[in-house]
Ligand code: SF4
């Protein structure tokens, strides 16, 4: 796609309904298209829209092995309720080998490497056959996401489509309430954003929705929505 065409579409998508962007993506990129989801409360609106798309779009879930059991139960609930087609992607290295090599707390010593092995590399593999992928990021979530566009050309030639990018947290909740969508089981305990169990804490007193992720560190992103996804492996020896 030429840059002019992308700019034209982005201008159009800036005010389009997310469902319109999803249907456009399905029409243009299936079968080489998927959506990625971490199956948390913030994901439920996008997954509901995916289930309403005119064409079936598979959903990729990265099973790091560190998820809360409640996340896996919520995933299965939404897959059944919305009739989603799920693709579970796992790290290349088994948990036993991973612990043998790095110990059982790499997430504390080197969370970037832990995220690389358990999230970024599996995602790189999952993207192998795809021309485009859909994500649920919003500009108001983190400074890294503040300039995201609805349609982004990645340096590897793929396209990333962010249908909710212009939405605020309030827009998201208006949609969730309007459609009476279920929340993640831990949401009522203050888990506003849910990732891997060792790196997620509840947020209290009206804090930022991602404040509970890697709290006490400067880390705010796992690497799926940064350049890390496109960079060469920093440690190739973990591969199976
Ligand atoms: S979020 Fe934490 S446990 Fe999960 S892959 Fe990243 S560092 Fe590891």
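Remarks
- Those residues of segment 40-61 which are modelled with pLDDT under 95 and within 14 Å of the ligand (Cβ to nearest atom), in sequence order: 40
- Looking only at residues in segment 67-86 that are within 16 Å of the ligand (Cβ to nearest atom), touching a residue at least 60 places away in the same chain (Cβ under 8 Å) and not in a loop (DSSP other than H, G, I, E, B), the one that is surrounded by the most Cβ atoms within 10 Å (Cβ to Cβ) is 71.
- Boolean, residue 15 is part of a loop (DSSP other than H, G, I, E, B) and touching a helix residue (DSSP H, G or I) at 6+ places or on another chain (Cβ under 6 Å): no
- In the set (1) within 25 Å of residue 21 (Cβ to Cβ); (2) surrounded by 15 or more Cβ atoms within 10 Å (Cβ to Cβ); (3) without any contact (Cβ under 8 Å) to a residue 40 or more places away in the chain, residue 106 fails one condition alone, (1).
- Out of 113, 106, sole residue that is closer than 30 Å to residue 153 by Cα and either more than 16 Å from the chain's Cα centre (by Cα) or modelled with pLDDT under 95 (or both): 113
- Check on residue 29, under 19 Å from residue 89 (Cα atoms) and either modelled with pLDDT of 95 or more or in contact with a helix residue (DSSP H, G or I) (Cβ under 9 Å, 6 or more places away or on another chain) (or both): no
- For segment 187-207, a residue qualifies if it is at pLDDT below 70 and surrounded by 13 or more Cβ atoms within 10 Å (Cβ to Cβ), and exactly one does: 207.
- Filter result for residue 175 (within 16 Å of the ligand (Cβ to nearest atom) and either modelled with pLDDT of 90 or more or under 26 Å from residue 24 (Cα atoms) (or both)): no
- Subset of segment 46-66 that is in contact with a strand residue (DSSP E or B) (Cβ under 6 Å, 6 or more places away or on another chain) and not in a loop (DSSP other than H, G, I, E, B) - its residue that is farthest from residue 197 (Cα to Cα): 50
- Verdict on residue 53 being touching a residue at least 12 places away in the same chain (Cβ under 8 Å) and either on the phi < 0 side of the Ramachandran plot or surrounded by 14 or more Cβ atoms within 10 Å (Cβ to Cβ) (or both): yes
- Residue within segment 151-165 that is out of contact with any strand residue (DSSP E or B) (no Cβ under 8 Å at 6 or more places or on another chain), part of a helix (DSSP H, G or I) and surrounded by fewer than 19 Cβ atoms within 10 Å (Cβ to Cβ) present: no
The values are calculated or read from the model by the stated rules, or taken from the named source; none is laboratory data. Quantities reported herein were computed from a predicted structural model and do not represent experimental measurements. For neighbour counting, all protein chains shown are included, and Cβ atoms are generated from backbone atoms with ideal geometry for every residue, glycine included.
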